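As structure tokens, the structure follows; a few thoughts come after it.
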Number of protein chains: 2
Amino acid sequence: MGTYMDVHHGMKGITSQQLNQAHQADLAIEKEEGVHFEHAWADPESGTVYCLSTGPSPEAVQRVHERTGHAADEIHEVTLSV
Amino acid sequence: MGTYMDVHHGMKGITSQQLNQAHQADLAIEKEEGVHFEHAWADPESGTVYCLSTGPSPEAVQRVHERTGHAADEIHEVTLSV
């Protein structure tokens, strides 16, 4: 299992409701890929969304995001944290 | 008070000890700027570090990072979270 920070660009103007809906859509299917999305943070001004997750691989994380219609632009395995 | 995600690039090969030392250096002076660094995550392979903080402004967050010798490359106010 790894921990991942993925980044979505181009989300300018994202609302709290849209962020919640996207996150809930991920949560609804994440178990099928062995992934868990822990948190998401959004900056509507620059259109950037960060998602922190755990899962078996970056591909598994991306599959959840793809299936819910919002593929990530970057996925980084964050092997260190403090 | 805002919540911020800042990003550092060019940190390839960062070790757990280096991340801890950098975070401790920030914690040691953060109160002087009214900032609190909650978490940091690092991907040594791509050299990317993400820091989550709260504080009065992005400038205050950057001042802490500058004073400890590791200015952020990007600081995003994340007004939404889930």
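Between 0 and 90 degrees, rounded to the nearest ten: what's the tilt of helix B:16-29 against the longest Cα principal axis of chain B?
20
Can you give the average number of partner chain beta-carbon atoms within 10 Å of each beta-carbon in peptide A:71-82, as a whole number?
Working: counts 0, 0, 0, 3, 1, 9, 5, 10, 7, 13, 8, 15.
Neighbouring Cβ atoms belonging to other protein chains average 6 per residue here.
Loop only by DSSP, 15 or fewer other Cβ within 10 Å of the Cβ. Give me the trypsin sites (Lys or Arg not before Pro) in region A:1-75 that pass, ordered by residue number. Working shown, then result.
Working: sites: A:12, A:31, A:63, A:67; in loops: A:12.
The qualifying sites are A:12.
State, to one decimal in nm and shortest first, how far the label point of residue A:71 sits from each corresponding label point in the other identical copies (label point: 7 angstrom along Cα-to-Cβ).
3.6
Please compute the contact order of region B:2-69 in relative form: average sequence separation of alpha-carbon pairs under 8 Å and at least six residues apart, divided by the residue count, as a percent. It would help to have the intermediate numbers written out before the result.
Details: 110 pairs, mean separation 29.6, N = 68.
Rounded, it is 44 percent for region B:2-69.
Bear in mind that the values in this text are calculations on the coordinates, not laboratory data. These figures come from a predicted structure and were not determined experimentally. Cβ sites come from the backbone with ideal geometry, for glycine too, and all protein chains shown count toward neighbours.
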